[in-house]
Amino acid sequence: MDRTVPKTGSEEIELYMRTYYSLLRSSDAIRIETLVESHLAMRSSLHEHAAEAAPDVSALMYSALRLPPCITRVEEVLIGQMDRAFIAAGYKNIASWQQVNAPGRRRRAHFNGDSTLAVYIVSRSDIDDLVPMLTAFQIEWNKLHHLMQGEAARDLLQRQLQQRSIATADFEELARRLWMSPSDLRRLRLLWKNEFAENLLYISRHRKSMSVRLISGSLADYRRATDAWWRHLCDELTDAGIELGERPIYFVSSNTHSLINLLAGFARRYEESLVSYIEGFQEKSLLTEYEDTKESYSKSTDNFLYFVLRQYLSEKGGEAKRILQEEESRLGIYRIASRQGFAMETQVIELGKLEARWFDRRLGRADDLEPLRHSNAIIINIDYPLGMSSYELLSRISAGAGRLEGVYVMGKAATLNGRIGDMMIPNVIHDEHSQNTYLIRNCFTARHVRTYMRHGNVLDNQKAVTVLGTFLQNPNYMSVFYKEGYTVIEMEGGPYLSAIYEAFRPQRHPINEIVNLQSVHFDTGFLHYASDKPMKDGQNLGAGSLSYGGVEPTYAAAIAILRRIFYNETEKLIETTFEPLPSF
């Protein structure tokens, strides 16, 4: 087998991966069409209706949400790691191309305004994510193209373009001609918004035939990209008087909003503005939710306000963002965007500058947290890296940090035994990248989270498997793991544990072994909340999103992580502040 293809236990998945890795070795572009056969044979759980003539709307939406909107016009996709790789390949002006973003995936990409998309990758996991996604998108596009060759469907769309609306009967007729339910067609309309009719007309006139060219994909370049990220981070913080090589560090992998919302108290202070904001919505469900929460003695409005604040800032921006940025700077909170490779925000939080009076009340009493004012420790929070980029990032941090005090990972996962919205806490993680099975001493148990969750279950002592990609799973693959007691499917745990192994052992992580990490000298904690149920029809990631339903488990996990950091840091400060009595 090609050494670039890890052994997954599924011949179909391995064949698919071997196919695209071998083709990508070519210096020329490869046609996505050449991957369709092996993609269909894989029978991906995320693309379960790939081989059928009717469109798989869930797979189409999943792919479209994780690709930039310009993908409708893209014919060639260039994949590389750093600017200099694209320049060496003859693409000298990519930095001047339009920077484009996908709603559901943080990946740096530039569009030339015509038909070429340049995508920056930071680990091989980006290839395992991007190539199947492009293939799925093209398969579903071409199904729609075939179904729209008749004049009737085009006439319905032309009418909508002219009238900016479509009658219910016409909409249902269009759904029938596209071999999908009206509810699925409404999902597409919600996805494409004002471009709905225009995009469908474009699909009807153009069969999709994309090509992919791998400009660079070496391990050395992955590490150069990570080094560039670290140097930029250190330079930015040196200007603020922070030397990362001299400070104890608590590393957190989560998102860009939950920790700061809990620490800075913005939402509570701006509650009146946020309520006025949602009162202006035509849809009153959020306002009703707020009023119900406000009237309940057993509920806190904090989670709700955090949810609304994120929308408020994205829409209002301007003055509100400026005020919050000034407040963050005063509280020792720094947001640093990467310049190359990683499309990721890094947050650095100085514990000693935070004000306990603004903390979310669930983090503890302000008086009990006063010792934190004497701390010189910092939290480095990074925004959900994908797959092997987790390994690259944590390896670089552990090598450059003054002292690593803890590693805490919060993320979404699929559950094979629970419900969407449940929290899963593993103490065994099998990594498909290294083929290692890691035994860990997870610092979290159900009792650390249960108090902050009203709806979902909290399942500790679970076994998780770190998969290679969201599309690189099929029912047989999941069934094998489920029979072995694995109930959580996620994408970061294994690579993080490989980096943790190297942070406390004098050698590179092993391959295909059972690895005991229970003696690691710093804190380690993993919390995953369920975003989908891939073994239950209609409940995979393509079928929808957690939306407001994901707020509770997100903040339950974030609270547990911050409380753990505060406990460890205050205990350390008390030990160093009060000298022990001499023995007699």
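The values are calculated or read from the model by the stated rules, or taken from the named source; none is laboratory data. A quick note: this is a predicted structure, and the numbers were derived from the prediction, not measured. Note that we place each Cβ from the backbone using ideal geometry, even for glycine, and neighbour counts take in every protein chain shown.
Couple of notes before you dig in:
- Of all residues in segment 293-321, those satisfying the criterion of being modelled with pLDDT of 75 or more and among the charged types (D, E, K, R) are Asp302, Arg310, Glu315, Glu319, Lys321.
- Total residues in segment 72-112 satisfying the condition of being exposed (fewer than 14 other Cβ atoms within 10 Å of the Cβ) and among the aliphatic types (A, V, I, L, M): the figure is 2.
- Residue that is surrounded by the most Cβ atoms within 10 Å (Cβ to Cβ), among those in segment 43-59 that are of a type in the set (Gly, Ala, Ser) and not in a loop (DSSP other than H, G, I, E, B): Ala59
- Complete set of residues in segment 510-529 that are over 21 Å from Tyr250 (Cα atoms), of a type in the set (A, V, I, L, M) and not in a strand (DSSP E or B): Ile511
- Residue that is farthest from Ile336 (Cα to Cα), among those in segment 372-421 that are part of a loop (DSSP other than H, G, I, E, B) and among the polar types (S, T, N, Q): Asn417
- Checking segment 162-173 against the condition returns no match, with no residue being closer than 30 Å to Ser38 by Cβ, surrounded by fewer than 19 Cβ atoms within 10 Å (Cβ to Cβ) and touching a residue at least 12 places away in the same chain (Cβ under 8 Å).
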